[in-house]
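The values are calculated or read from the model by the stated rules, or taken from the named source; none is laboratory data. Just so we're clear, the structure is a prediction, and the values are computed from it rather than from any experiment. Cβ atoms come from the backbone with ideal geometry, glycine included; neighbour counts cover every protein chain shown. SASA here: full protein model, heavy atoms, side chains in, ligands and nucleic acids out. Shrake-Rupley method; radii C 1.70, N 1.55, O 1.52, S 1.80 Å.
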Amino acid sequence: QLQLVESGGDSVQPGGSLRLSCTVATFSLESNAVGWFRQAPGKEREGVSCIGSKDGKTNYADSVKGRFTISRDNAKNTVYLQMNRLEPEDTALYYCAAEFRYFGCSLKGNVYDHWGQGTQVTVSS
């Protein structure tokens with residue numbers, strides 16, 4: 001199975017920033033669509049952002065639009081999620097997922113077959 005390793009989660013104050021990293025064990029990262037998801041205890045999994053496999057099309061959940069930015073470094077086989085102006089509502093376990101040669105960019109979890117272990121983000125005073 002394709003392996004994904006996430007890092008960068010931490011505890012920060014409201015208004016702070018974090019950058020999450022997802023390193024994908026793949027021969028060609030550009031051939032994979034990658035999505036970022038989050039889930040808080042007792043709540044449904046939410047698609048946060050995604051980046052497509054071909055032209056790098058991106059999508060964002062309305063709740064993070066304008067604050068989060070997804071990017072890809074193919075040389076490092078890494079996808080990043082830059083999170084700015086963090087709010088307490090952003091507190092969740094964040095994880096990434098990949099699908100080989102998925103055409104487009106989806107925030108639906110069932111599109112992806114490969115998942116990381118997750119990294120915890122906590123935003124509080």
Could you provide, to the nearest whole Å², the per residue accessible area of the range 1-113 with probe 1.4 Å? 53
Out of the total accessible area of the chain (probe 1.4 Å, heavy atoms of protein only), what percent is carbon and sulfur? 45
Rounded to the nearest 20 Debye, what is the dipole magnitude of the chain about its Cα centre when Lys and Arg each give +1 and Asp and Glu each give -1 at the C-beta? 200
Cα gyration tensor, the range 1-53 - rounded (a/c under 1.5), prolate or oblate: prolate
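Taking the radius of gyration and the Kirkwood hydrodynamic radius from Cα positions alone, what is the Rg/Rh ratio for the range 1-92, to two decimal places? Before the final figure, lay out each step's value.
Values: Rg = 13.3 Å, Rh = 13.8 Å.
Ratio value, two decimals: 0.96.
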Hull surface divided by four, with the convex hull built on the Cα atoms of the range 44-125: how many nm²? 5.9
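Multiply the residue gap between Ala40 and Asn110 by 0.36 nm, knock off their C-alpha separation, and tell me the result in nm, one decimal place. Mind dumping the intermediate values first?
Details: separation 70, 0.36 × 70 = 25.20 nm, distance 1.82 nm.
Stretched out fully, the Ala40 to Asn110 stretch lengthens by 23.4 nm.
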